[in-house]
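Worksheet: the structure to be examined is printed underneath.
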Amino acid sequence: MMVSRIAKRTRGALGLVAMAVLAACSTDSPTLTAPSDKPSLYTYPSAIYRSHTEFGAPIGSWSSDVRLSKNTHSISYNCARGGPNWVSWNLNKTHFGDAARSTSFYSDGTLPTGCYRVTTSDYTNSGYSRGHMVRSEERTWSSDHNRQTFLMTNILPQYQDLNGGPWYKFEQYLQTQAQTYDKEIYIVAGGYSYSGTLLGAGKVGIATRNYKIALLMPYGQGLAQATSTGSLQVIAVDMPNTTGIASNSWETYRTTVDAIESRTGTNFLPSLRDDIEAYWEAR
């Protein structure tokens, strides 16, 4: 019996050594460390960000277009409406970790002089949630990266039925694609069809529709590998900012990029090869 136990322990130790060697030799994925509270699958030794506008910054005509570049995302900010025209970002498995969710929202001090800096109190008692464009959970590799998602320039007013309903469910779907299916994802999100402002104060405009466009590829790939219609997938959703939709699936709001472009007057994915862009934007 003693010999059997020793043999099993030896085999187990050799197996662990072999796994470590394989991980060290891998060129596709860095060594993994399981976080203690397991908010995501793994914590990577570094968060690897590709270009947040890999397929081109959206092209449109806005009353205000202040470009901001963060480590974790890119923004076109509208000073007149107190929110982003669009937010664009890269998402992959290395962006998830065990950093705690930030406990506060912050005004963005990088906005130019003369541009009103929205505060979290502008939302207080308004009936609207502070709706993240870049999701907090998608930036949990470090506390600093997570904090950047709580800048008010990354926020739009959302009814909680949208924010915690189909919007959240689509976020979860994309997280699964990044972590479980090893996808490299390029995302752009925003709002349109504005009506009124929070508390009627004239500071933060309320979009009655929120959209999100996600381009999915194998991990590590980008524009250079987008050489055919089969080399990528595009998913677009257009959701109403209203109550009564909390139980709805995100798939209910699937649409085409063409439809969102028509409604917003914006050209998305402008750097994608024309024939591939035409194919996917119509689907």
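Surface composition of the chain: carbon and sulfur make up 52 percent of the accessible area, probe 1.4 Å. Karplus-derived 3J(HN,Hα) values for region 130-135, using 6.51 cos²θ - 1.76 cosθ + 1.60 with θ = phi - 60°, are 7, x, 5, 7, 6, 5 Hz; glycine and proline are entered as x.
Comparing Gln177, Gln158, Gln233 in a Gaussian network model of the chain (Cα springs below 10 Å), the most mobile by mean-square fluctuation is Gln233. Remark: the chain carries 45 Å² of accessible area per residue (probe radius 1.4 Å; ligands, DNA and RNA excluded). Size of region 74-174 from its Cα atoms: along the principal axes, largest to smallest, the extents are 38, 29, 23 Å.
In a reduced charge model with +1 at each Lys and Arg Cβ and -1 at each Asp and Glu Cβ, the chain shows a dipole moment near 880 debye about its Cα centre.
Between region 92-121 and region 163-205, what's the alpha-carbon centroid distance in Å? Taking the Cα centre of each part, region 92-121 and region 163-205 sit 15 Å apart. With everything on Cα atoms, drop me the angle between helix 2-25 and the longest principal axis of the chain, reported from 0 to 90° to the nearest 10. Value to nearest ten degrees: 40.
Quick one: order Arg263, Arg117 from most to least accessible surface, probe 1.4 Å.
Numbers: Arg263 125, Arg117 95 Å².
Ranking Arg263, Arg117 by accessible area, largest first, yields Arg263, Arg117.
How much length would be gained if the chain were fully extended between Ser104 and Ala201, taking 0.36 nm per residue of separation minus their Cα-Cα distance, in nm to one decimal?
Numbers: separation 97, 0.36 × 97 = 34.92 nm, distance 2.22 nm.
Working it through step by step, the gained length comes to 32.7 nm.
Sorted from longest to shortest, the spans of the Cα atoms of region 157-218 along the three principal axes equal 45, 19, 15 Å.
Given a Förster radius of 25 Å and the C-beta distance between Gln233 and Asn267 as r, what FRET efficiency does 1/(1 + (r/R0)^6) yield to the nearest 0.05? Show your work: numbers first, answer last.
On the way: r = 20 Å, r/R0 = 0.79.
It comes out at approximately 0.80.
For region 137-177, taking Cα atoms only, Rg and Dmax work out to 11.5, 29 Å respectively.
How big, on average over all directions, is the shadow cast by the Cα convex hull of region 206-278, in nm²? Before the final figure, lay out each step's value.
Details: hull surface 24.5 nm².
So the mean shadow area of the Cα hull is 6.1 nm².
Could you sort Asp274, Asp258, Asp108 by their accessible area in this structure, using a 1.4 Å probe and putting the largest first? Intermediate results must be reported in sequence, preceding the final value.
Details: Asp274 115, Asp258 70, Asp108 5 Å².
Listed by decreasing accessible area, they come as Asp274, Asp258, Asp108.
Residues whose amide H comes within less than 5 Å of that of Gly131, counting only those at least five positions distant or on another chain, are Leu156, Gln158 (H built at 1.01 Å from N in the peptide plane).
Compared with the rule-of-thumb size 2.2 N^0.38 Å for a compact globular protein, the chain has a Cα radius of gyration ratio of 1.13.
Would you tally the net charge around Ser143, using a Cβ to Cβ cut-off of less than 12 Å, leaving Ser143 out, and scoring K and R as +1, D and E as -1?
Details: positive: Arg101, Arg139, Arg147; negative: Asp98, Asp144.
So the environment of Ser143 carries a net charge of +1.
The values are calculated or read from the model by the stated rules, or taken from the named source; none is laboratory data. All values derive from a computational prediction rather than experimental measurement. Glycine also receives a Cβ, built like all others from the backbone with ideal geometry; neighbour counts cover every protein chain displayed. Side chains are part of the model used for accessible areas, which takes the heavy atoms of the whole protein and leaves out ligands, DNA and RNA. Shrake-Rupley method; radii C 1.70, N 1.55, O 1.52, S 1.80 Å.
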